[in-house]
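The values are calculated or read from the model by the stated rules, or taken from the named source; none is laboratory data. Worth saying up front: this structure is predicted, and the values here are computed from it rather than measured. When we count neighbours, we look across all protein chains shown, and the Cβ atoms used for this are built from the backbone with ideal geometry, even at glycine.
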DNA sequence: CTAGTGCACTGGTCGGACCAGTAGGCTACG
DNA sequence: CGTAGCCTACTGGTCCGACCAGTGCACTAG
């Protein structure tokens, strides 16, 4: 085990060092969202690199969602507040190239959602509980208003739950995975089961969940929510994959 | 609501169209991992853009983890198999700029892990169960071998569980979040509680989990695993945040 | 005081140039 | 005949200089 441990000298490219420095500035808070980077021509002076190098660095930073630049803007690139856009992008890629099945995605949602509900059952305020109630009311009113309105109300409910749960990571992942699931569902809308019955049942389930949360029975609420999601999505997933979903129902 | 709904014409930049095309080719499978892109000079002909534009596109693709290019390589950029590297990167950024607390991360691990265990309890094969057993054995042997060896064995255990659970999304997220947690822990190693006692207790917990899985009691195994993770990490998280963690213990 | 105009500057794209490095074919040696 | 070593064609990384369409701001004319 003796001898000095040399690290492999990776040839670090100029643009990477630029990226690192800006990234560090943003993540450490030295640059806050809304602030501006110097112009490309200014940056090339500060970093002592060419504009091409600066631009490649900016492209990377932009791809990571840290920065945005508009043509003609005299103020330079804008530092963005964090958005899960990059996370969303890479998860979508993951879903495509790894061929994540709808079942896996729904399963993941069941996990996240029931966890959020478990947490929310403990931590929710009265106001948050009321918000969930209003969302379910909106769902009821939207049954005949069409898919989109119903979907929006459903999203509002789950957002309220997740926010009450107080875990930002769960919040963001829920958001990302949900949008991917919805996209997949939209493609299969043809094979949809009886939508209206599905909606009515879903509303009923949501009400049960709220009741359980009001009673403070987190585990029950979580179990109910898993059941609700299973009922709602089972019709879309392949027959043979439903088993894995049911494994979460107990 | 009448009238044609025009979409805003976003000025789509040349390099973005290049990115889109290559991305589409990769995600649709037209380009498989290991295959090579044409050289930059060839690409600029095919896309009818300048090399700068091609290079900016390649930088973006590289930032998304789809391709890699080495200087001097006569074969052109290589199409990479999917890695969660990009996912990891954006989640790490998230953790920094959104100031995710260790508690939130650990909480998320508790959620993912117990879900994986719940699934594994149903779906595991005998071989996989044996693998988990071997990992715990390795943990036992590593208590005196040092942190790293113990950690590696622990990771091996959870990897086996997660694989047995059969959900790739859980697998990848576990991997990503775990590495972030470990990095944060490493920074706080000074405030560490009695490490050896922690390890021994952890081994005991892991054995209980395996026993429950062998008995086919998924919910019990999941509950035990949450308890195990709580015990292991509670010492590192702020006093005031432990409550949120305990909410998952019931 | 406002409406309009011009200008200085921005980012996006292009083309050309040079360098260090690689892979694979070629040559000369064993 | 086989192999070690060189050579060359080409690669990606970086730099430079140029042009364009667009933006925001200051300035001007009403």
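Miscellaneous remarks
- Output for the stretch A:38-69, where each listed residue is part of a loop (DSSP other than H, G, I, E, B) and out of contact with any helix residue (DSSP H, G or I) (no Cβ under 7 Å at 6 or more places or on another chain): A:39, A:48
- Selection of the stretch A:150-170 for residues being within 10 Å of another protein chain (Cβ to nearest Cβ) and in a helix (DSSP H, G or I) yields A:165, A:168, A:169, A:170.
- Here residue B:87 fulfils each of the conditions (1) under 25 Å from the mean Cα position of the chain (by Cα); (2) modelled with pLDDT of 95 or more apart from (2).
- Some residue of the stretch A:192-199 being surrounded by fewer than 17 Cβ atoms within 10 Å (Cβ to Cβ), free of Cβ contacts under 8 Å to residues at least 40 places away in the same chain and out of contact with any helix residue (DSSP H, G or I) (no Cβ under 9 Å at 6 or more places or on another chain): yes
- Unmet criterion (only one of (1) modelled with pLDDT of 95 or more; (2) surrounded by 16 or more Cβ atoms within 10 Å (Cβ to Cβ); (3) more than 12 Å from DNA strand D (Cβ to nearest atom)) for residue A:21: (2)
- For the stretch B:70-91, residues that are touching a helix residue (DSSP H, G or I) at 6+ places or on another chain (Cβ under 6 Å) and farther than 17 Å from residue A:97 by Cβ total 1.
- Residues located in the stretch A:64-86, provided they are within 9 Å of DNA strand D (Cβ to nearest atom) and within 11 Å of chain B (Cβ to nearest Cβ): A:70, A:71, A:72
- Filter pass, residue B:79 being crowded, with 19+ Cβ neighbours inside 10 Å, farther than 17 Å from residue A:92 by Cβ, away from DNA strand C (no atom under 13 Å from the Cβ) and more than 20 Å from the chain's Cα centre (by Cα): yes
- Qualifying positions in the stretch B:141-154 - at pLDDT 90 or above and either in contact with a helix residue (DSSP H, G or I) (Cβ under 6 Å, 6 or more places away or on another chain) or crowded, with 17+ Cβ neighbours inside 10 Å (or both): B:153, B:154
- Taking the criterion of being in a helix (DSSP H, G or I), touching a helix residue (DSSP H, G or I) at 6+ places or on another chain (Cβ under 8 Å) and surrounded by fewer than 22 Cβ atoms within 10 Å (Cβ to Cβ), the residues of the stretch A:119-129 that qualify are A:122, A:123, A:128, A:129.
- Within the stretch B:47-58, restricting attention to residues that are under 30 Å from the mean Cα position of the chain (by Cα) and either modelled with pLDDT under 95 or more than 6 Å from DNA strand D (Cβ to nearest atom) (or both), the residue that is nearest to residue B:31 (Cα to Cα) is B:58.
- Per-region count, the stretch A:130-145, residues farther than 27 Å from residue B:105 by Cβ and either under 21 Å from the mean Cα position of the chain (by Cα) or assigned to a helix (DSSP H, G or I) (or both): 11
- Residue check, residue B:61 facing chain A (nearest Cβ under 10 Å), within 16 Å of DNA strand D (Cβ to nearest atom), crowded, with 21+ Cβ neighbours inside 10 Å and over 30 Å from residue B:238 (Cβ atoms): yes
- Flag if residue B:114 is more than 16 Å from DNA strand C (Cβ to nearest atom), within 17 Å of the chain's Cα centre (by Cα), over 21 Å from residue A:66 (Cβ atoms) and in contact (Cβ under 8 Å) with a residue 60 or more places away in the chain: yes
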